Amino acid sequence: MKRIHYYIICAFSAICGFSSCTDFLEIKPQNEIILEQFWNEKADVDAVIAGCYSGLQAEGVIKRMMVWGEFRSDNIGPGTNITSDGSLEKVLKENIDAKNTYTNWGGFYTVINRCNTVINYAPGVAAEDPAYTESELQANIAEMVALRSLCYFYLIRAFRDVPFSREAYIDDSQKMDLPATKFDDVLDSLIYDLEGVQNLAVKRYPETKELYQTGRITQDAIHALLCELYLWKKDYQNCIRYADMVIESKKAIAEENRQKRSSSFSKENTDERFNGFPLVSNSTSNSYFGDAYTVLFGRDRGNVDEANQEIIFQLVFDDNPGDNGMLANGAVNSFYGNSNAAIGLVAPSDYIFSDIQKTSDRKVFADRNKKRDSRMYYNCHLEDQAIYKYTTTSIDIDASQTGEQFSGYGTTPKITYDSRYSQNQNGSNWVIYRLTDIMLLKAEALTQMVREGDDQEANEYNKSILDRAFTLVNAVNKRAVCENQLVDTLRRNDYVSKSDMETLVLQERQRELMFEGKRWFDLVRLSQRTGNTSTLKAAALAKATIGQGLIGNHLTKMDAIYWPYNLDEMKVNLNLVQNPAFGSGENDSYQKTTKK
């Protein structure tokens, strides 16, 4: 008889109010069940959906989102006790081989198979359980297609070509050693699947289930994912189309929030600073800044109404794990630090800190050398030389007081850092998509629509396109400025060409999304588009302290910007062909580079 093992964590049930997993887990010892006895009612479907989300919340999965999407970039350097994680140490040195722990993709395929299983069995449950309505069934299928697509999207950005299947693996007799499907084919499949289900997903969850709106898949989340998928496909019109859907939806939520607030709230001031985009305000007083961090990443993340106007999709965690069945964010606790270890296994790279210390010619936080970009301070803890984002609940930036508060950093506003989460009690939600991310993806797409030619028609069109791109970037940038009087630290006349605007968008994404698992993927996307790795290679070399020549030679190859297949995976799946930049996968990348 067919059997399947489910490893369902009940944490998400507590988060979202799913029906309990208890009955499900008690059916058979050690979570082993007879398949035909399980899929009987809606509660069974809900239990496995809970398992899909808890699979994404798993520490190993979040860690790979971070490592694959960020850690090879110029943002990240070694922290405290990095030698305790040899695989991570090698990643930071760009010395990766197929034996590296972070080449293991099993957690993502576990979630993919759970999603496929729901898609396969849920229709049969709906046919048997009258309480399970057709609209609920379709929404659940859309939800599972979206989570499956998100997992595959992480995989192709990391490994390029990966095994792809929509089939639920429920029997040992099924063929599982699939060859890798090409990047573009997987990308097209994900777009096709999401286009087919986008209108079936839930648009708004009831206010009584407040964490659902950003903690579960919605139409906004699918549109955000489609926006980025189309950007990677170089279909810029559709990227912009889906970005606009997200922006308009968030504008509607922001307007609802405005109507709930007192008449003292100034819509005009907010619209002026944010160019009309519904961003969370960074200040509610004349001189104090940092509110945006507190709402989006810190203690006010429970302010659901305000967070919802910017957060699109996130994985939800809690700082009191066990009390309510929820999980703490173990990946951030380990990698970024906690109250016991101010510096985690990783830290901002020396390149980032040296850039902040400069009094002129800064490349990352280039705010006309005023040091008034609040993201300097909530991304990085200047005193501890540590990552601050995600590790704490708030930050206060007093722009009315200035001085040399931190040795070596010159004159800054007065910064008050809050205490970090206790060890193993990090409650930071892991944000997958938020509005500024989508705005900057749209700006990138607009920039790519600039036409060749120097005639009047082309010039007028290109100016209009670049104006629109700049407006998006400038809105994101102005939100971060710690100035009472509205000041543009970016000037349109400084970015007149397509190349100028491309650089600006990439820089703004680095500033805004630092330590959110985006930077390396941005550099990979740029390399794919241009057909060369020069910008990516320069970013990787900016933080390198040893082996620059070897790293530079290795990253000249397009294949090398991806990851090798895990050696153990290669042994069980003989249909996989190793990434040629990593040879057989047995030796490190330096050794293979020198053999070329």
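The values are calculated or read from the model by the stated rules, or taken from the named source; none is laboratory data. If you're wondering where the values come from, they're calculated on a predicted model, not measured in any experiment. Please note: Cβ atoms are built from the backbone with ideal geometry, for glycine as well, and neighbour counts cover all protein chains shown.
Among residues of the stretch 430-446 that are free of Cβ contacts under 8 Å to residues at least 12 places away in the same chain, none has a beta-carbon under 7 Å from a residue that is surrounded by fewer than 24 Cβ atoms within 10 Å (Cβ to Cβ) and of a type in the set (D, E, K, R) at least six positions away or on a different chain. Looking across the stretch 275-320, the residues that are in a helix (DSSP H, G or I), at pLDDT 85 or above and farther than 24 Å from residue 381 by Cα come down to 306, 308. For the stretch 219-244, the set of residues classified as surrounded by fewer than 19 Cβ atoms within 10 Å (Cβ to Cβ), more than 15 Å from residue 156 (Cα to Cα) and not hydroxyl-bearing (Ser, Thr, Tyr) consists of 234, 235, 237, 238, 241, 244, listed by residue number. Taking residue 471 as the residue in question, decide whether it is of a type in the set (S, T, N, Q), modelled with pLDDT under 95 and either in a loop (DSSP other than H, G, I, E, B) or within 12 Å of residue 443 (Cα to Cα) (or both). Here the answer is no, as residue 471 does not meet what is asked. The set of residues in the stretch 176-202 that are part of a loop (DSSP other than H, G, I, E, B) and either closer than 18 Å to residue 110 by Cβ or in contact (Cβ under 8 Å) with a residue 24 or more places away in the chain (or both) comprises 176, 177, 178, 179, 180, 201, 202. On the stretch given as the stretch 353-369, residues that are buried (at least 16 other Cβ atoms within 10 Å of the Cβ) and either in contact with a helix residue (DSSP H, G or I) (Cβ under 8 Å, 6 or more places away or on another chain) or outside any helix (DSSP H, G or I) (or both) total 7. Residues in the stretch 519-561 that are out of contact with any helix residue (DSSP H, G or I) (no Cβ under 6 Å at 6 or more places or on another chain) and not in a helix (DSSP H, G or I): 531, 532, 545, 546, 547, 556.
Identify the residue in the stretch 117-144 that is among the polar types (S, T, N, Q) and surrounded by fewer than 20 Cβ atoms within 10 Å (Cβ to Cβ) and, among all such residues, is farthest from residue 194 (Cα to Cα). Let's see the steps before the verdict.
Keep residues of the stretch 117-144 that are among the polar types (S, T, N, Q), which gives 117, 120, 133, 135, 138, 140.
Those left that are additionally surrounded by fewer than 20 Cβ atoms within 10 Å (Cβ to Cβ): 120, 133, 135, 138.
Numbers: 120: 17, 133: 21, 135: 17, 138: 13 Å.
Among those residues, the one meeting the criterion is 133.
Return a yes/no flag: does the stretch 192-204 have any residue that is closer than 28 Å to residue 439 by Cα, under 18 Å from the mean Cα position of the chain (by Cα) and either among the charged types (D, E, K, R) or crowded, with 19+ Cβ neighbours inside 10 Å (or both). No, the stretch 192-204 contains no residue that is closer than 28 Å to residue 439 by Cα, under 18 Å from the mean Cα position of the chain (by Cα) and either among the charged types (D, E, K, R) or crowded, with 19+ Cβ neighbours inside 10 Å (or both). Whether any residue in the stretch 395-412 is within 23 Å of residue 70 (Cβ to Cβ) and crowded, with 17+ Cβ neighbours inside 10 Å is what I want to check. Yes, that holds for at least one residue. Residues of the stretch 444-458 that are part of a helix (DSSP H, G or I) and at pLDDT 95 or above: 444, 445, 446, 447, 448.
Determine, yes or no, whether residue 272 is surrounded by fewer than 17 Cβ atoms within 10 Å (Cβ to Cβ) and modelled with pLDDT of 90 or more.
Considered against the rule, which asks whether it is surrounded by fewer than 17 Cβ atoms within 10 Å (Cβ to Cβ) and modelled with pLDDT of 90 or more, residue 272 comes out as no.
The residue list 397, 438 contains one member that is touching a strand residue (DSSP E or B) at 6+ places or on another chain (Cβ under 8 Å) and farther than 24 Å from residue 467 by Cα, which is 397. Assessment of the stretch 479-486 against the conditions (buried (at least 20 other Cβ atoms within 10 Å of the Cβ), more than 22 Å from the chain's Cα centre (by Cα) and touching a residue at least 12 places away in the same chain (Cβ under 8 Å)) yields at least one matching residue.
Within the stretch 94-116, can you find the residues that are touching a residue at least 60 places away in the same chain (Cβ under 8 Å), touching a Ser or Thr at 6+ places or on another chain (Cβ under 9 Å) and surrounded by fewer than 21 Cβ atoms within 10 Å (Cβ to Cβ)? Scanning the stretch 94-116 gives 95, 99. Pairs linking a residue in the stretch 145-158 that is buried (at least 24 other Cβ atoms within 10 Å of the Cβ) to a residue that is among the polar types (S, T, N, Q), with Cβ atoms under 7 Å and 6 or more positions apart or on different chains, are 148/116.
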